[in-house]
Amino acid sequence: MIAVAEGLEQVLADLVGTTTSSPELEITADRLALVCSLTWATSPLHASKPAMAPGEFGERLFPGPVLPAIAAELFHAGPGFRELERRGIELADTRSITVAYRRPVLAGDRVTASTSLIGWTPQRPVDSADSDRVDFEPATLALHDALRNQRGELVADIDRVVMIRSVAAARADDTRASG
C-alpha cells in the first residue's frame, strides 16, 4: 500500500491532458544486435542485414514487441517523467500495454515518443482473504505514447497503465526546480 500524499488529486488533475516529447533515440546496429540477442530474435527480418538488403525495407526491422520498452525508456529520459518526480510521484511497474503497430522501425531510424497523461485511477481497497487485513489496488496512471521516426511517421500507438509506487509530498504548488 502506498501512502497517498495530500494534494495528489490536484497534482494529477493538473497533469491529465498534458503531452511531453522525448529526446531522440537512434536504433543503431549495436542496439539492434543487443535487442536481438536478448530476445532471441534470430529471424533474418531482425538479424540479417544481407538477407534484408534486397527486400522491401532494405534494412533489418527492430522487433516490434520491444517498442513499448523503447517508448518507456524515452518517457523516462524526457520532461514528463522529470515532472512527475518533481511533484513527488514515483512510478512502479507497468500493469498493462496495448500496442497498435503502424509501420516498421528499421536499423538506423531515430525515434521519439510523445507521451500524454490520459488519466489516473486512485488507490482503492479490495476484498482480502484475511479479514484482519485491508488490501489495496494501487493507484495507476494511464499513458498514451505516440512513437515516431525521424520522418515524423507514426510507427506505433502505445497505451500503458503504470502503477504508482509512492507519492511523497505531492503538491500542486510545488516550486522546486526541475532536475
Next item on the list: Provide the net charge surrounding Pro125, with neighbours chosen by a C-beta distance below 10 Å and charges set as Lys +1, Arg +1, Asp -1, Glu -1.
Entry: -2
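Output the peptides 92-102, 138-148 sorted from most to least packed, where packing is the average of other Cβ atoms within 10 Å over each peptide's residues.
Details: 92-102: 13.2, 138-148: 20.9.
Final packing ranking: 138-148, 92-102.
Give me the extension gain from Asp14 to Arg151: residue separation times 0.36 nm, minus the current Cα-Cα distance, reported in nm with one decimal.
46.1 nm
Each reported figure results from applying straightforward, stated rules to the coordinates on display, with no laboratory input. Treat the numbers as computed from the prediction; the structure is a model and nothing was measured. Neighbour counts are summed over all protein chains in view; Cβ atoms, including those assigned to glycine, are modelled from backbone coordinates with ideal geometry.
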